[in-house]
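**Q** Sharing a structure with you now.
The values are calculated or read from the model by the stated rules, or taken from the named source; none is laboratory data. From a predicted model like this one, the values you see are computed outputs, not experimental measurements. Using ideal geometry, Cβ is built from the backbone for each residue, glycine included, and neighbour counts are taken over all protein chains shown.
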Amino acid sequence: MSALLPSWSDKALRLLRRMDNFSLTLPGSSRVQCPRFEVEGVQVGWVAPAVASVLSRFPEVFTLPQGGAIALCPSLDSYSSRSDALQSVLQILREENHFNCLKGWREEKYEVMARFCDSPLMCMERAATSLFGVKRYGVHVNGYTRSKEGALSMWLARRSFTKQTYPGRLDNLAAGGLAAGSSVRQTLIKECQEEACIPACIAEAARPVGTVSYTYEDEEGVFPESQFVFDLELPLDFTPQIGDGEVQDFYLWPMEQVRDVLVSDDFKPNSAMVVLDFLIRHSYVQPDTERYYQEFVTGLHRSL
């Protein structure tokens with residue numbers, strides 16, 4: 001007798017567990033082995049053991065692991081001195097081809113702080129953030145339309161096959177990381193314009209609806225991420241256009257089709273979580289019909 005095929009709920013729960021696989025509650029997590037990464041006595045990340053052994057080569061920048069933590073040396077006592085010292089180390093490791101993630105060097109800096117509301121302690125190259133497990137923030141936009149009868153459809157983007165990560169996968173209408181010195185609203189306007197040619201006069205109508213947070217690990221490190229989520233209702237006569245080349249196509253699909261595809265391997269996993277949040281908020285996923293509804297809600301809003 002053949003095994004039952006996994007239900008939609010099973011597939012959605014699998015997605016959430018994949019994106020939260022750094023949790024101590026899941027088998028295979030390396031979290032118990034990872035020392036904390038601290039700056040000024042404050043934890044800002046997690047360092048994998050393999051990374052920690054390499055950092056020990058730079059005693060002028062990092063203290064030796066003690067008490068379960070690796071820290072920046074106290075002599076690095078300012079934003080600029082910390083940022084510059086770390087940049088020098090990363091440049092050396094990049095030249096040595098020591099870590100695969102550094103092959104994706106972007107010349108884009110991310111701020112490092114314990115909480116989003118805190119003042120940044122330093123900045124670091126985006127491609128290196130997974131080595132230190134520091135929190136990364138981004139903006140994701142759910143673009144949708146509403147028919148005259150009230151039915152919703154969602155705009156999805158297909159990522160370019162030349163993208164460094166998840167080439168060719170389905171994605172939100174627009175999304176991007178929060179670079180150092182940029183606000184959430186500035187990033188929203190920028191990504192809408194660059195990726196989908198949405199003018200600021202339309203993008204400014206996007207509504208902030210919360211965040212989606214998770215922490216996962218893979219062969220490139222640890223990724224604690226929080227996405228600031230916006231819903232943007234687009235005019236029925238507006239069609240997104242390819243902008244900076246990061247997208248190869250746009251599709252406008254009814255919500256049932258979106259619901260089906262988001263649990264497939266065709267969707268970028270963290271973006272699928274943003275769409276799942278949209279489906280829950282707009283009642284396309286309900287507690288009486290989806291057995292893991294409670295797990296969905298809690299899994300989309302993990303503590304980083």
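**Q** Do we have Glu225 as assigned to a strand (DSSP E or B), closer than 25 Å to Lys11 by Cβ and modelled with pLDDT under 95 here? Explain how you work it out, then say what you get.
**A** On the way: assigned to a strand (DSSP E or B): yes; closer than 25 Å to Lys11 by Cβ: yes; modelled with pLDDT under 95: no.
So Glu225 fails the test.
**Q** Hey, can you tell me all the residues within region 173-194 that are over 17 Å from Leu234 (Cβ atoms), not in a loop (DSSP other than H, G, I, E, B) and not polar (S, T, N, Q)? Explain how you work it out, then say what you get.
**A** Restricting attention to region 173-194, the residues satisfying the condition of being over 17 Å from Leu234 (Cβ atoms) are 176-187, 190.
In the following step, the residues that additionally are not in a loop (DSSP other than H, G, I, E, B) were identified as 176-177, 184-187, 190.
Residues satisfying the conditions are Gly176, Gly177, Val184, Arg185, Lys190.
**Q** Tell me, yes or no, whether region 168-187 has at least one residue that is over 17 Å from the mean Cα position of the chain (by Cα) and over 24 Å from Glu107 (Cα atoms).
**A** No, region 168-187 contains no residue that is over 17 Å from the mean Cα position of the chain (by Cα) and over 24 Å from Glu107 (Cα atoms).
**Q** Moving on to the next point. Taking the options Leu76, Leu72, Leu16, Leu26, name whichever one is within 19 Å of Tyr214 (Cβ to Cβ) and buried (at least 18 other Cβ atoms within 10 Å of the Cβ). Steps first, answer last, please.
**A** Working: Leu76 fails: within 19 Å of Tyr214 (Cβ to Cβ); Leu72 fails: within 19 Å of Tyr214 (Cβ to Cβ); Leu26 fails: buried (at least 18 other Cβ atoms within 10 Å of the Cβ).
None of the other options fit; the residue is Leu16.
**Q** Name the pairs: first residue in region 286-300 and under 13 Å from Arg18 (Cα atoms), second residue outside any helix (DSSP H, G or I) and of a type in the set (Phe, Trp, Tyr), Cβ to Cβ under 8 Å, at least 6 apart or on different chains?
**A** Qualifying pairs under 8 Å: Gly299/Tyr214; Leu300/Tyr214.
**Q** Also, quick follow-up: May I ask you to verify whether Leu252 is touching a residue at least 24 places away in the same chain (Cβ under 8 Å), exposed (fewer than 15 other Cβ atoms within 10 Å of the Cβ) and in contact with a strand residue (DSSP E or B) (Cβ under 6 Å, 6 or more places away or on another chain)? Reasoning before the result, please.
**A** Details: touching a residue at least 24 places away in the same chain (Cβ under 8 Å): yes; exposed (fewer than 15 other Cβ atoms within 10 Å of the Cβ): no; in contact with a strand residue (DSSP E or B) (Cβ under 6 Å, 6 or more places away or on another chain): yes.
Judged against the criteria, Leu252 is not a match.
**Q** What are the residues in region 86-114 that are under 26 Å from the mean Cα position of the chain (by Cα), aliphatic (A, V, I, L, M) and part of a helix (DSSP H, G or I), if any? Before you say what the answer is, go through the steps one by one.
**A** Taking region 86-114 as the starting set, the residues that turn out to be under 26 Å from the mean Cα position of the chain (by Cα) are 86-91, 93-94, 97-114.
Imposing the further condition that a residue be aliphatic (A, V, I, L, M) reduces the set to 86, 89-90, 93, 102, 112-114.
The answer is Leu86, Val89, Leu90, Leu93, Leu102.
**Q** Mind listing whichever residues of region 128-174 are on the phi > 0 side of the Ramachandran plot and surrounded by fewer than 24 Cβ atoms within 10 Å (Cβ to Cβ)?
**A** To start, the set of residues in region 128-174 that are on the phi > 0 side of the Ramachandran plot comprises 133, 150, 166, 168.
Across region 128-174, the qualifying residues are Gly150, Tyr166, Gly168.
**Q** Would you mind finding the one in Leu279, Leu236 that is part of a loop (DSSP other than H, G, I, E, B), of a type in the set (A, V, I, L, M), assigned by TED's automatic domain parsing to the domain that holds Leu173 and touching a residue at least 24 places away in the same chain (Cβ under 8 Å)?
**A** On the way: Leu279 fails: part of a loop (DSSP other than H, G, I, E, B).
None of the other options fit; the residue is Leu236.
**Q** Of all the strands (runs of 3 or more DSSP E) wholly in region 118-164, which have at least 2 residues that are within 30 Å of Pro240 (Cβ to Cβ)? Outline the logic, then answer.
**A** Values: elements: 122-125, 136-146, 152-159.
Ranges flagged: 136-146, 152-159.
**Q** Is it the case that Ser183 is more than 14 Å from Phe278 (Cβ to Cβ), out of contact with any Gly (no Cβ under 6 Å at 6 or more places or on another chain) and among the hydroxyl-bearing types (Ser, Thr, Tyr)? Please lay out each step first, then the result.
**A** On the way: more than 14 Å from Phe278 (Cβ to Cβ): yes; out of contact with any Gly (no Cβ under 6 Å at 6 or more places or on another chain): yes; among the hydroxyl-bearing types (Ser, Thr, Tyr): yes.
Yes: the conditions hold for Ser183.
**Q** With (1) at pLDDT 95 or above; (2) outside any helix (DSSP H, G or I); (3) within 15 Å of the chain's Cα centre (by Cα) as the list, and Glu217 as the residue in question, which single condition is left unmet?
**A** Failing condition for Glu217: (1).
**Q** So in region 29-46, with the set limited to residues that are crowded, with 17+ Cβ neighbours inside 10 Å, assigned to a loop (DSSP other than H, G, I, E, B) and not hydroxyl-bearing (Ser, Thr, Tyr), which one is farthest from the chain's Cα centre (by Cα)?
**A** By that ranking, first place goes to Pro35.
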